[in-house]
Amino acid sequence: MLKTFTHASLGLTPIDTIHGNLKGLKSSQLKQLQRLYQQSVPGDRLTTPELAQRIAAISSELNQPVSIYLNRRGKVIRVGVGAPRETQIPPLELPRYGAERLSGIRCLTASPKDHPPNEACLTSMVLQRLDALVTFTLSGSGSTQRGRGSVGYIKNVYLSHLLPQNHPSHAYWQVSEAQSLEAIAQQDFLDLVENLEAEFRRDFTAQRVEAGHDRVILVGLQTEGIGDRRFQDGLTELERLVDTAGGEVLFKMEQKRAKPHPQTLVGSGKVEEIALQVQTLGANLVVFDQDLSPAQGRNIERQLGVKVCDRTEVILDIFAQRAQSQAGKLQVELAQLEYMLPRLVGRGQAMSRLGGGIGTRGPGETKLETERRTIQSRLSRLQKEVDQLQAHRSRMRSQRQRQDVPTFAIVGYTNAGKSTLINALTNAEVYAADQLFATLDPTTRRLTLIDENHETQTILLTDTVGFIHELPPALVDAFRATLEEVTEADALIHVVDLSHPAWRHQLTSVEKILADMPIMPAQALLVFNKLDQVSSEALQDAKLLHPNAVYISASDRLGFETLRQRLAQMLKQL
């Protein structure tokens, strides 16, 4: 049973808190542990024989490991009963440091068992990014080492420290052979730390990314019902989403489970593996390919000590960056607040500018309740503005319909080439780039068609926001004013990126989203894009599956004549 011994029971100050397993300990033993906070060592020494003796004596009396943590000034900042794993400093309480630095904290631990530090202790060292871990092992009885004064029950001493990732051994740590206490006590601690951090800086500089970029670890979870190909395609797409959002993927981790873990999605063992990579690579963000519940997100962040987000949050971030018009920004903010509302704990202070003060708080409200009221008030206001936007667009569509100009909505998976197509057909100058969700705001342009009778007719082409598989519900709801451009169109042009390895899955995803919409146009034309990047075999396979589709290259304007003819034929059938 783990509990914390605090100043409440012994009259200690908060800094004298004893951590770990304190069950069955006597008051005199707890006071001995508390007195360790009064100890210190010279700043350039790992330990002193006197401090090592005190830790060993207490560990021997308790017949349990005892661990203490010191800062670089040699001051004891944490005392615990148990091995480093049971007494470690929570990630959120550790100092902020980068991949090129250590935490500035070292651990001295005494163990009644005579063996080198085990993997759990060494993993704890990595998770805390300790300067060093010094392990004293004890003999069964009596003194086995003697130097200046009695050294108590210490038998062997082991020095452990981290290794940079470019180390030839590819190990996370290095453990010394058993040493004498005198040798450890005489070692220059500052020299050791400075040399280690110099190596970490060289390693960090070699893999450094542009300043301002998030350093990201991706985590993919493959559960029952998700095939290998679909899983890998999803992870690749998530990497592109992170890149589009401005992050740099350092490492990808994968796990197979029958179903997600209810507390941490991937289980405690995998969370520990992720934590090791976070500390080793200096990542500041972990992104999961599946949506996290609010509790899962908080649990994982508490264990990793860095920001954690899921696929939906990455997409929301991209939308926030891409929104240009006032309407687009409005819809993005609405989607973000709807996503944030159930995840409010610890995030509400940034919303204080939106409300608060006299008249906004109920009797006895907690901080969380106040935050929730603030965001709900803002949500209601945004909802009204979106409703007004929806009404405005409805009036605009009514005007177009009175002019009897048919509308063709261009739909498709994100980055399929929709904006490039409307630019090539109408010289619209819509922003187009090889990015996911490059454009969010709908753009409508006129296009003149000539049928087989050489008669000219005009249609309106509307470029819409790109789709993605499992489009976040918050986005679907917030962007309903934009998506109505699809439902109110007379016909659809479904653009598919034929060069993408997962084009079949993307096509199916878009069709599923369209099928879920309340009203859909009867006419739809399937257009396969990026013909210039497709092999003849892949093209032949697509034509066998979709013989009635049109095959084009929007960037090279290939197949446009056929496309115009098919659009004119569709127009006659409206």
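Couple of notes before you dig in:
- For the pair ASP556 and ILE226, label points projected 7 Å from Cα toward Cβ lie 3.6 nm apart.
- Distance between the stretch 294-340 and the stretch 245-262 - C-alpha centres, whole angstrom: 17
- With both labels modelled 7 Å from their Cα along Cα-to-Cβ, the GLU455 to THR508 distance reads 4.2 nm.
- Local charge for GLN457 was computed over the other residues whose Cβ lies under 13 Å away, with Lys and Arg +1 and Asp and Glu -1, and equals -2.
- Close amide H contacts of PHE251 (hydrogens built in the peptide plane, cut-off under 5 Å, sequence separation of 5 or more or a different chain): LEU218.
- Compared with the direct C-alpha span, the chain from LEU92 to GLN569 gains 165.4 nm at full extension, assuming 0.36 nm per residue.
- Multiplying the residue separation of GLN263 and ALA178 by 0.36 nm and subtracting their alpha-carbon distance yields 26.6 nm.
- Highest mean packing comes first when the peptides 183-192, 73-82 are listed by Cβ atoms within 10 Å, giving 73-82, 183-192.
- Packing-based order for 537-549, 241-253, 59-71, using average beta carbon neighbours within 10 Å, highest first: 59-71, 241-253, 537-549
- All lysines inside 25 Å of LYS259 as judged from Cα atoms, apart from same-chain residues fewer than 8 positions distant: LYS270, LYS307, LYS512
- For the stretch 516-559 versus the stretch 114-133, the spacing of their alpha-carbon centroids is 57 Å.
- Percentage relative contact order, the stretch 214-317, counting C-alpha pairs under 8 Å, at least six apart: 36
- The H on the amide N of VAL411, modeled in the peptide plane, is under 5 Å from the matching H of ILE493, HIS494, VAL495, each at least 5 residues off or on a different chain.
- Charge context of GLU61, other residues only, Cβ under 13 angstrom, K/R +1, D/E -1: +3
- Packing-based order for 383-389, 227-233, using average beta carbon neighbours within 10 Å, highest first: 383-389, 227-233
- Annotation: amide H of THR443 within the under-5 Å range of ASP463, sequence separation 5 or more or interchain, hydrogens built in the peptide plane.
- Summing +1 for each Lys or Arg and -1 for each Asp or Glu among the other residues whose beta-carbon sits under 12 angstrom from that of LEU133 gives +2.
Computed from the coordinates by the stated procedures, all read-outs in this text should not be read as laboratory data. Everything numeric here is computed off the predicted structure, so don't read it as measured data. Here Cβ is always computed from backbone atoms with ideal geometry, including for glycine, and neighbour counts include all displayed protein chains.
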